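J.: Encoded as structure tokens, here's the structure I'll be asking about.
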Amino acid sequence: MDGNVIELTYWQVLFGYIFVLFVLYILRRRAIKRESVLIIATLRMTFQLVAVGYALTLIIENPHPLLTLAVVFVMLGFAVFTVFRKFKKELTLSIKKVVAFTLPAGSLTSLAYFLFVVIRVEPYYNPQYFIPITGMIVGNSMTGITLGIHTLLNRFTDQKEAVIEALHLGATPKDASHGIVNEAFDAAIMPTVNNMLGMGIIFLPGMMTGQILSGVAPTTAIMYQIGVMLGILGGVALSTYLFLLFGYRTFFNKDAQLKTMV
Amino acid sequence: MFEIKDVEYKDVLRVKNIDVASGEIVCIVGESGGGKSTLLRLLNKSLSPTKGTIHYNGKSLAEIDSVAHRREVVYLNQKPHMFPGSLRDNLLIGLRFQQREDADDKTLYDLMKRVRLNKSLDMDVKHLSGGERQRLALARVLLLDAAVYLLDEPSSSLDDVSEDLMIETIVEFTKKENKTLVMVTHSKDQAHKHGDKVYEIQNGRQKEVS
């Protein structure tokens, strides 16, 4: 690879928007009332990416540990609030506290290991590595915890009788929730595992494709992709495991009674 | 063993005074929906009183570890839940929840014979009728060898003849094994026939002691 990159001009990018017009035409023609959503999505994508592009340029050209940390914490904050917003009033205050603690804890542990042990970034706060990898790990951990919460909430409702029966038979809350917690963990990690199964055959991952397009040798790109994928798996598994470890307890009170029963 | 004095649970139940001594058979009678099941759940600490204190062996239930208490004072729901799997799985699950050793098949078959359930241990529970499930659930709690049994209409899904036989079996087991039994029943005749004490609960209020 010679590292040559075709720089896209604004006009070239503008040609890409023809697809939006094409989809708008189909929506109008078939009277599917989604035009305004599509227009908003297109505008938001454009402005958000332009803004982040300039912000990243500024951060990468002026690297500073505090700036890198600030970006990481903003990402984590958005991830936590995205989870809260998704479930609206379904989440109790205690389960929100668990999410606010375990999502950052799991993601940051996996991130630190990946950056400092696997890649060995120099200097340690190098935003060129720190920020995109944080985005990938935090984003996937957020999805994992969301799936875990969804399964936990559903199962504690539809398997309530089984949990109550187990408690009556002398089970601890941990043992009474064992099956539910396992199912939630499985639901959380399966999308990542399925991704790994299809990677390289069914699809080429976005990060690797991006690197190849920007002139990086495919052999280097795959090394990063494998590493990032393992980091994502670690982040998802650790965040979800921590969440479930503390999360199931929020369904019980101090007397080991199921809260929805008392 | 149990002392309940001026105990309330929300608007559902108000009990003035109930005493259960060790080795006694105490029957609770009253209309359905009157709060009898709530009383058993309070004794088993599946629920906690909103007012008043229940004492167990001289100690306030609030100070006793809930899980340890439920292992000593076992509650059988009127409509017990069956876990997916075989009859054997369902019989052993209580022991497993309590981290105790599995019982052998001979013990399980003897127990099933005791509750008049003549089925294979390998059979899937989904093939059992409502009455058979109730018998299996009874066998499951008897296997736990608890000190106190709280049984909520243990024969409600059975016909009259089977119901009488089932209650005879429970009473016989309680006396032979020197257990304490608190049983909710809709039949006043059964309650007065077997109960050392009978309490009546009407519309969530304790009526009288006989």
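The values are calculated or read from the model by the stated rules, or taken from the named source; none is laboratory data. Note that the coordinates shown come from a computational prediction; the quantities given were computed from them, not determined experimentally. Using ideal geometry, Cβ is built from the backbone for each residue, glycine included, and neighbour counts are taken over all protein chains shown. Note: accessible area is taken over every heavy atom of the protein model, side chains too, but ligands, DNA and RNA are not part of it. Shrake-Rupley method; radii C 1.70, N 1.55, O 1.52, S 1.80 Å.
J.: Looking at the range A:221-257, which of its residues are open to solvent by 60 Å² or more (accessible area, probe 1.4 Å) and either more than 24 Å from the chain's Cα centre (by Cα) or modelled with pLDDT under 90 (or both)?
T.: Of everything in the range A:221-257, those that are open to solvent by 60 Å² or more (accessible area, probe 1.4 Å) and either more than 24 Å from the chain's Cα centre (by Cα) or modelled with pLDDT under 90 (or both) turn out to be A:224, A:254.
J.: Within the range A:57-92, restricting attention to residues that are in contact (Cβ under 8 Å) with a residue 24 or more places away in the chain and of a type in the set (S, T, N, Q), which residue is surrounded by the fewest Cβ atoms within 10 Å (Cβ to Cβ)?
T.: Checking each candidate, the answer is A:92.
J.: Identify, please: which residue in the range B:41-63 is at the interface with another protein chain (Cβ under 10 Å from one of its Cβ atoms) and among the hydrophobic types (A, V, I, L, M, F, W, C) and is, among those, most open to solvent (accessible area, probe 1.4 Å)? Even if it seems obvious, please write down each step before you answer.
T.: First, the residues of the range B:41-63 that are at the interface with another protein chain (Cβ under 10 Å from one of its Cβ atoms): B:41, B:44-48, B:50, B:61-62.
Of the ones still in play, those that are also among the hydrophobic types (A, V, I, L, M, F, W, C) are B:47, B:61-62.
Working: B:47: 10, B:61: 11, B:62: 82 Å².
Of everything passing the filter in the range B:41-63, B:62 is most open to solvent (accessible area, probe 1.4 Å).
J.: In the range B:65-80, how many residues are at pLDDT below 95 and open to solvent by 20 Å² or more (accessible area, probe 1.4 Å)?
T.: Residues meeting the conditions: 4.
J.: For the subset of the range B:87-101 comprising residues that are more than 10 Å from every other protein chain (Cβ to nearest Cβ) and open to solvent by 20 Å² or more (accessible area, probe 1.4 Å), which member is nearest to residue B:117 (Cα to Cα)?
T.: Looking at the filtered set, the residue picked out is B:88.
J.: Confirm whether residue B:32 is closer than 24 Å to residue B:205 by Cα, touching a residue at least 24 places away in the same chain (Cβ under 8 Å) and either within 9 Å of chain A (Cβ to nearest Cβ) or of a type in the set (S, T, N, Q) (or both).
T.: yes
J.: Being out of contact with any helix residue (DSSP H, G or I) (no Cβ under 6 Å at 6 or more places or on another chain) and without any contact (Cβ under 8 Å) to a residue 60 or more places away in the chain is the filter; apply it to the range A:160-184 and report the residue that is farthest from the other protein chains (Cβ to nearest Cβ).
T.: Among them, the one singled out is A:182.
J.: Would you please name the residue that is surrounded by the fewest Cβ atoms within 10 Å (Cβ to Cβ), looking only at residues in the range B:180-194 that are outside any strand (DSSP E or B) and out of contact with any Leu (no Cβ under 9 Å at 6 or more places or on another chain)? Even if it seems obvious, please write down each step before you answer.
T.: Just the residues of the range B:180-194 that are outside any strand (DSSP E or B), to begin with: B:185-194.
Subsequent filtering for residues that are out of contact with any Leu (no Cβ under 9 Å at 6 or more places or on another chain) retains B:186-193.
On the way: B:186: 15, B:187: 17, B:188: 15, B:189: 10, B:190: 20, B:191: 24, B:192: 12, B:193: 14.
Per the stated criteria, the residue is B:189.
J.: Looking at the range A:19-36, which of its residues are among the aliphatic types (A, V, I, L, M) and modelled with pLDDT under 95?
T.: Scanning the range A:19-36 gives A:31, A:32.
J.: Does at least one position in the range A:97-119 carry a residue that is on the phi < 0 side of the Ramachandran plot, over 21 Å from the mean Cα position of the chain (by Cα) and polar (S, T, N, Q)?
T.: Taking every residue of the range A:97-119 in turn, none turns out to be on the phi < 0 side of the Ramachandran plot, over 21 Å from the mean Cα position of the chain (by Cα) and polar (S, T, N, Q).
J.: Going by what's in this entry, would residue A:161 be described as of a type in the set (D, E, K, R) and open to solvent by less than 20 Å² (accessible area, probe 1.4 Å)?
T.: No, not satisfied.
J.: Name the residues in the range B:72-86 that are within 20 Å of residue B:145 (Cα to Cα) and more than 9 Å from chain A (Cβ to nearest Cβ), would you?
T.: If the condition is that a residue be within 20 Å of residue B:145 (Cα to Cα) and more than 9 Å from chain A (Cβ to nearest Cβ), then B:73, B:78 are the ones that fit.
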